[in-house]
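The values are calculated or read from the model by the stated rules, or taken from the named source; none is laboratory data. Please read all numbers here as calculations on a predicted model, not as lab measurements. Here the Cβ is made from the backbone with ideal geometry for all residues, glycine too, and neighbour counts use every protein chain on show.
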Amino acid sequence: MNESQAYEPLESDLPPSNRPEPSAAAPAAPAPPPPVYAAPAPAPTPQPYAAPAPAVGYTPNTYMVQLHGVEQGPFPLEHVRELARSGQLNASDPVSFAGQPWVPAASAPGIFSNKSWIAAVLLSFFLGGLGVDRFYLGYIGLGVAKLLLGWLTLGIWPLIDFILILLRKVHDANGLALR
């Protein structure tokens, strides 16, 4: 150090009692700006309900069926209905709609009627002469005709209807096989 240069102590070197007091006019440090938050992301718009996409290799509105343990198909709905009407497809046989999980055919929509075969048989046996079996199956006109004219056939019409329902030859009014 050069002798001409005098040593000037730094403010931090001075004892606290000798330190100069800060002036009141000195500007305070600026406050940090408030944090900026991004606007919340908009909620996703709900999509309308849609049927699940068919599995690869399937086309919409087709069914796979298991007949006697053998997987067959894909078949269009009308063909599966015909299998049910002809008795080749039972209500308990598994079906799969467009690659979805296997369910009993009675649970799949549009294949079997919501009317019970056993209920139709019992109604035909006990109340067939009054046409109740035909009313139950949705044939209102035949039910009224059987109610009014069934006695003229001396019980033949109710007997034939009972046999046809028992053999599963009568379907509901929509042409669907009974469960």
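Of the residues making up the range 143-173, those that are crowded, with 18+ Cβ neighbours inside 10 Å, assigned to a helix (DSSP H, G or I) and of a type outside the set (Lys, Arg) are Gly143, Gly150, Trp157, Pro158, Asp161, Phe162, Ile165. Checking each residue in the range 67-84 for being buried (at least 16 other Cβ atoms within 10 Å of the Cβ) and modelled with pLDDT of 90 or more picks out Phe75, Val80, Arg81, Leu83, Ala84.
When the residues of the range 107-131 are filtered to those that are free of Cβ contacts under 8 Å to residues at least 40 places away in the same chain and surrounded by 18 or more Cβ atoms within 10 Å (Cβ to Cβ), the one that is farthest from the chain's Cα centre (by Cα) is Gly129.
A single member of Ile165, Ile140 is within 24 Å of Arg179 (Cα to Cα) and touching a residue at least 40 places away in the same chain (Cβ under 8 Å), and it is Ile165.
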